[in-house]
1. In Å², what does the accessible area per residue of the stretch 29-85 work out to with a 1.4 Å probe?
2. Mark the label point 7 Å from the Cα of Leu13 along Cα→Cβ and return the residues of the stretch 144-162 whose backbone N is within less than 19 Å of it.
3. What relative contact order, as a whole-number percentage, does the stretch 1-97 give when Cα pairs under 8 Å and 6 or more residues apart are counted?
4. May I ask you to compute the full-extension gain from Ala20 to Gln95, defined as 0.36 nm times their residue separation minus their alpha-carbon distance, rounded to one decimal in nm?
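The values are calculated or read from the model by the stated rules, or taken from the named source; none is laboratory data. Quick caveat: nothing in here was measured; it's all calculated off a predicted structure. Using ideal geometry, Cβ is built from the backbone for each residue, glycine included, and neighbour counts are taken over all protein chains shown. Keep in mind that these areas ignore ligands, DNA and RNA; they rest on the heavy atoms of the full protein, side chains included. Shrake-Rupley method; radii C 1.70, N 1.55, O 1.52, S 1.80 Å.
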Amino acid sequence: MSMSRSATRRAFLLLFLACAALLGFGLYLQHVTGLEPCPMCILQRYAFVAVALVALVAALHGPSRTGSVVYGLLTLVAALAGGTVAGQQSLLQRQPPSLLECGPGFEYMVENFGLADALPMIFRGEGDCAAIDWSFLGLSIANWSLLCFAAVTVLALWLMLRGGRRRESSLWETRLSR
């Protein structure tokens, strides 16, 4: 029942590819369909980038039992951070406040702060966090993001537990062989 090193590598590689696909779809929605991301969307993207980078390094490294636990823990932290933001945005979309506190538009930032100060603000997003501009099967982008982060969380926990079990079983097998 132990998970081999190559299976762990494949799991992390698939996680990297899934995150890359999600990020690519987000960029497609932004640059092709014209959907502007909000500040919460940008934070979720950062979390997906963090998960993708950890998964890529883990896939290239081919972690040992302990490494699988460490990479799983790093993945878990990034997924929980992103999932928290996605959950907050999902709640915000269900019951938007009367005054949105998501951030001003780009034109407002350039007029009031100048281009040099406004450029870093671009990465904070321009869209309205409470608006649902796109949905699929009745779920918003934030809802889908939350589901994806939940799946990553489950995978990270599974990788950590399997890595820990492999370690315990190999210690047990070593003791039995003596």
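1. Ligands and nucleic acids excluded, the result is 45 Å² per residue.
2. Backbone N within reach: 156, 159.
3. Contact order relative to length: 37 percent.
4. That pair, Ala20 and Gln95, stretches by 23.9 nm at full extension.
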